[in-house]
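Encoded as structure tokens, the structure appears first; notes follow it.
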Amino acid sequence: MDELSSSFIEGGFAGIVGNPNLSPEKSTSYTGNLEYYFERAKIGASLFRHEISNLIQFVGGTCPAAELANLPGIAAANCFSPQNVAAATSQGFELEAGARPVDWLYLETGYMNLDTKDDNTGHYLFNRSRHAWKGRMNVTYEGWNFTTRVRYFSSFGFTDANGNGRIDRNPSELAPSNVQVDMRLSRTLKNGIDVYDGADNITESRVPVSTSFPLEGQHLYYVGMRMAM
């Protein structure tokens, strides 16, 4: 409902205006996958292609003047509304590998290359990193479980600062690359209760994509308990 009709202001001096004239997205996907398993490891590779018509994206500088007048203090370039940005194609490949060198340790890693463009203009889409890498380590020992996850995302198009309807490859319209680190420690008690704590985004580099310019990331600490019935 927010995307269709309402208007509001987000943190970071960004305005959001609905668009009641959106057409639904339609997509066709193709994928091929190959995996090979060893005694204590596996490797895999995937090719994919996604074709989307009537792609919906929030685009800066597209708010009608009458709607912008209801958002005091918001510049026109920082006012976003959802738009059907014609047809788009996303394609690329993903590589994955995992191994358990000893019974208490599991390691996995992966890399994805993503190419996303507007089919009509040839311009890159917003909020898509070309390169992404992930890694995870899981240690399990006598009821203890420790997991750490590392992810890297290359720089991506963030905003249409000059209002020309496309992403220009300059610092004013790009978000920086970022590395995200999450950790979690849990303990399973004899009565089936798990207690855990952890921290997400330890590097404080996760880039929010819902505001008009990249802001510093924030930590998220948590504690919890879970019972297996």
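The values are calculated or read from the model by the stated rules, or taken from the named source; none is laboratory data. In this text the structure is predicted, and so the values were computed from the model without any measurement. Please note: Cβ atoms are built from the backbone with ideal geometry, for glycine as well, and neighbour counts cover all protein chains shown.
Structure above, values below:
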read-out	value
Residue 99 being among the small types (Gly, Ala, Ser), in contact with a Lys or Arg (Cβ under 9 Å, 6 or more places away or on another chain) and modelled with pLDDT of 85 or more	yes
Subset tally (residues that are among the hydrophobic types (A, V, I, L, M, F, W, C) and either in a strand (DSSP E or B) or modelled with pLDDT of 85 or more (or both)) for the stretch 67-86	2
Failed criterion for residue 140 (all others in (1) surrounded by 15 or more Cβ atoms within 10 Å (Cβ to Cβ); (2) within 30 Å of residue 55 (Cα to Cα) hold)	(2)
Residues of the stretch 117-146 that turn out to be farther than 30 Å from residue 192 by Cα and of a type outside the set (A, V, I, L, M, F, W, C), as a count	14
Residue selected from the stretch 113-122 under the condition surrounded by fewer than 16 Cβ atoms within 10 Å (Cβ to Cβ) and not β-branched (Val, Ile, Thr), by the criterion farthest from residue 62 (Cα to Cα)	113
Residue 195 exposed (fewer than 15 other Cβ atoms within 10 Å of the Cβ), modelled with pLDDT of 75 or more, of a type in the set (A, V, I, L, M, F, W, C) and assigned to a strand (DSSP E or B)	yes
Filter result for residue 58 (of a type in the set (Phe, Trp, Tyr), touching a helix residue (DSSP H, G or I) at 6+ places or on another chain (Cβ under 9 Å) and touching a residue at least 24 places away in the same chain (Cβ under 8 Å))	yes
Search result, residues across the stretch 87-129 that are part of a strand (DSSP E or B), more than 20 Å from the chain's Cα centre (by Cα) and farther than 18 Å from residue 149 by Cβ	101, 102
Of residues in the stretch 23-62 being of a type in the set (Ser, Thr, Tyr) and surrounded by 13 or more Cβ atoms within 10 Å (Cβ to Cβ), the one modelled with the lowest pLDDT	62
